[in-house]
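Enquirer: Please see the structure below; I have some questions.
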Amino acid sequence: MSAEAAYAGKVASSVRRALAVVPAPVKLRVVRIVGLAVAALGGLLWLLRDVPLLQVGLGALIVLLGGYAGWCRWPRWRWGIARASLSELAQPSDQLVRLTFDDGPTLGVTDHVLDALREHGVKASFFVLVQKAAAQPELVRRMLAEGHIVGLHGQDHRLPFFRRSAELQASLGTARKELEALCGQPIALYRPSHGFKNVALVRAVAALRLRLCFWDYGVWDTDAPPWDVLLARLRATLPVRTRRDASVRKPGPVVLLHDGLGDDPGIPAHAEPMLAALRAFLPLLRTKLEPAQDHQL
Ligand SMILES: [Zn+2]
């Protein structure tokens, strides 16, 4: 197979998996928003049809603003961010996906997640909110003691929008210091709330020498779908890996789950289906190179 065909196949499989992961109401919402935006833009440009210069200028401005909004919102669009400000999560390469958990730690959720990970020998990354971590320091220490990665998700879950770079830098700097004191080790990784980024945030991150960690697949676990629906979304993230690929030891996609919900310190409604789906998903996560088990991948 030529390199181009292999690349096209990879892109097609990635799009198929993304479509399988995104729930129908979200797809419908996206179609509605894009449809409305295209209709509004078309109408506006039609109104300005006699003023071509204004039409072109306004069209270009809308496309630029739309592109910037898309870049801010879409965690997979990482262009324009310096390599030194981005991080690939260094999780064991024999795991088919790299699991990440945001918005915790939450007593009654994170401890069960850690139990399940330990049972199946899977490592994950936890992007914690510092105010929750300060309330549950023993859970953060357990993450580290059991070989997981701890990263910063912010002091709280506020979005970076309408905050100046200096303010973001001060807030993230303080949050990192507090988390480092709790962990007793340096914290280098940061995942912004909802994966939102903008120019001010990227500048603040670069000044603090933090490294941004996004994700490849979110599975909308916080919508609290039935556990088997969530499991089907999780299974869709599994790469089709051949024996040859496995020997290359390329890290799998980064998948986002939540062991909390925003700033709410309580046990969220999605915890039960998320834990049930996780327990069923974890046994599928290790690469199995034995020929007899290859068909399971
Ligand atoms: Zn979050």
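Each value in this text was obtained by applying a stated rule to the coordinates, not by laboratory testing. Only a predicted model underlies this, so the values are computations on that prediction, with no experimental measurement involved. When we count neighbours, we look across all protein chains shown, and the Cβ atoms used for this are built from the backbone with ideal geometry, even at glycine.
Enquirer: Hey, what angle do you get for helix 227-236 against the long axis of the chain, alpha-carbon based, 0 to 90 degrees rounded to 10?
Expert: On a 0 to 90 degree scale, this one is about 70.
Enquirer: Quick one: if the Förster radius is 41 Å, what FRET efficiency do A276 and V56 give, using the C-beta to C-beta distance and rounding to 0.05? Show your work: numbers first, answer last.
Expert: Details: r = 54 Å, r/R0 = 1.32.
After rounding to 0.05, the efficiency reads 0.15.
Enquirer: Among the trypsin sites (Lys or Arg not before Pro) in the stretch 28-70, which ones are in a DSSP loop with at most 16 other Cβ atoms within 10 Å of the Cβ? Mind listing them?
Expert: On the way: sites: R29, R32, R49; in loops: R49.
Filter output for the stretch 28-70: R49.
Enquirer: Could you work out the per residue convex hull volume over the alpha carbons of the stretch 3-73, in cubic angstrom? Let's see the in-between values first.
Expert: Working: hull volume 8.9 nm³, N = 71.
Expressed per residue, the convex hull around the Cα atoms of the stretch 3-73 is 125 Å³.
Enquirer: Still on this model: Could you tell me which of L61, W46, Y7 has its Cα farthest along the dipole of the stretch 3-73 towards the positive end, charges placed at Cβ (Lys, Arg +1; Asp, Glu -1), taken about the Cα centre?
Expert: The residue sitting farthest along the positive end of the dipole is Y7.
Enquirer: Here is a further query. Let me know the charge dipole size of the stretch 84-287 about its Cα centre in debye, to the nearest 20, where only the beta-carbon of Lys, Arg (+1) and Asp, Glu (-1) is charged.
Expert: Details: 25 positive and 22 negative charges, 199 e Å.
Using only the charged Cβ atoms, the result is roughly 960 debye.
Enquirer: Shifting gears a bit: Enumerate the amide H contacts of L261 below 5 Å, restricted to partners 5 or more residues apart or on another chain; note that Pro and chain-start residues carry no placed amide H.
Expert: none
Enquirer: Also: Once the piece of chain linking L19 and R164 is laid out straight, how much longer is it, given 0.36 nm per residue of separation minus the C-alpha distance between them? List each step's numbers first, then the result.
Expert: Working: separation 145, 0.36 × 145 = 52.20 nm, distance 3.51 nm.
Gain on extension, L19 to R164, equals 48.7 nm.
Enquirer: What are the residues whose amide H is under 5 Å from the amide H of V150, where those residues sit 5 or more places off or on another chain and H is modelled from the backbone?
Expert: Residues meeting the amide H criterion: F126.
Enquirer: Report the calculated FRET efficiency for W74 and D156 (r = Cβ-Cβ distance, R0 = 22 Å), to the nearest 0.05. Walk me through the numbers on the way to the answer.
Expert: Details: r = 23 Å, r/R0 = 1.05.
For W74 and D156, the calculated efficiency is 0.45.
Enquirer: List the residues, sorted by chain then number, that are 5 or more residues from G218 or on another chain and whose placed amide H is less than 5 Å from its amide H.
Expert: L256
Enquirer: Which percentage, to the nearest 5, of the DSSP beta bridges contained in the chain is antiparallel? Provide the component values of the computation, followed by the final result.
Expert: Working: 2 of 21 bridges.
Here the antiparallel bridges make up roughly 10 percent for the chain.
Enquirer: Relative to the Cα centre, what is the charge dipole magnitude of the stretch 3-73, using +1 at the beta carbon of each Lys and Arg, -1 at the beta carbon of each Asp and Glu, and rounding to the nearest 20 debye? Could you put the intermediate results ahead of the total?
Expert: On the way: 8 positive and 2 negative charges, 83 e Å.
Approximately 400 debye in magnitude.
Enquirer: Could you tell me the center-to-center distance, by alpha carbons, between the stretch 83-141 and the stretch 198-218 in angstrom?
Expert: When both Cα centres are located, 18 Å separates them.
Enquirer: Taking only pairs that are 8 or more places apart or on different chains, how many Lys pairs in the chain have Cα atoms under 19 angstrom apart? Please list the in-between numbers first.
Expert: Working: K10/K250; K123/K250; K123/K288; K132/K177; K250/K288.
Summing the qualifying lysine pairs gives 5.
Enquirer: Assuming R0 = 35 Å, can you tell me the calculated FRET efficiency for the pair R49 and E88, based on Cβ-Cβ distance, to the nearest 0.05?
Expert: Efficiency, rounded to the nearest 0.05: 0.15.
Enquirer: While we're here: Roughly what would the spin-label model give for D228 and A5, points 7 Å off Cα along C-beta, in nm?
Expert: 3.9 nm
Enquirer: Additional query: For the chain, build the charge dipole from Cβ charges (+1 Lys, Arg; -1 Asp, Glu) around the Cα centre, then report which of H270, P192, L144 sits farthest towards its positive end.
Expert: Going by the charge dipole, the pick is P192.
Enquirer: What Kirkwood Rh does the chain have if only Cα atoms enter the pairwise 1/r average? Answer in Å. Could you put the intermediate results ahead of the total?
Expert: Working: mean 1/r = 0.0479 Å⁻¹.
One over the average 1/r among Cα pairs gives 20.9 Å for the chain.
Enquirer: I would also like to ask the following. Can you list the chymotrypsin sites (Phe, Trp or Tyr not before Pro) in the stretch 44-136 that are in a DSSP coil and have 10 or fewer other beta carbons within 10 angstrom? Kindly include the intermediate steps, with their values, before the conclusion.
Expert: Numbers: sites: W46, Y68, W71, W77, W79, F101, F126, F127; in loops: W77, W79.
Passing sites in the stretch 44-136 are W79.
Enquirer: Would you mind checking the tilt of helix 165-183 against the longest principal axis of the Cα atoms of the chain, expressed as 0 to 90 degrees and rounded to 10?
Expert: Computed tilt is about 10 degrees.
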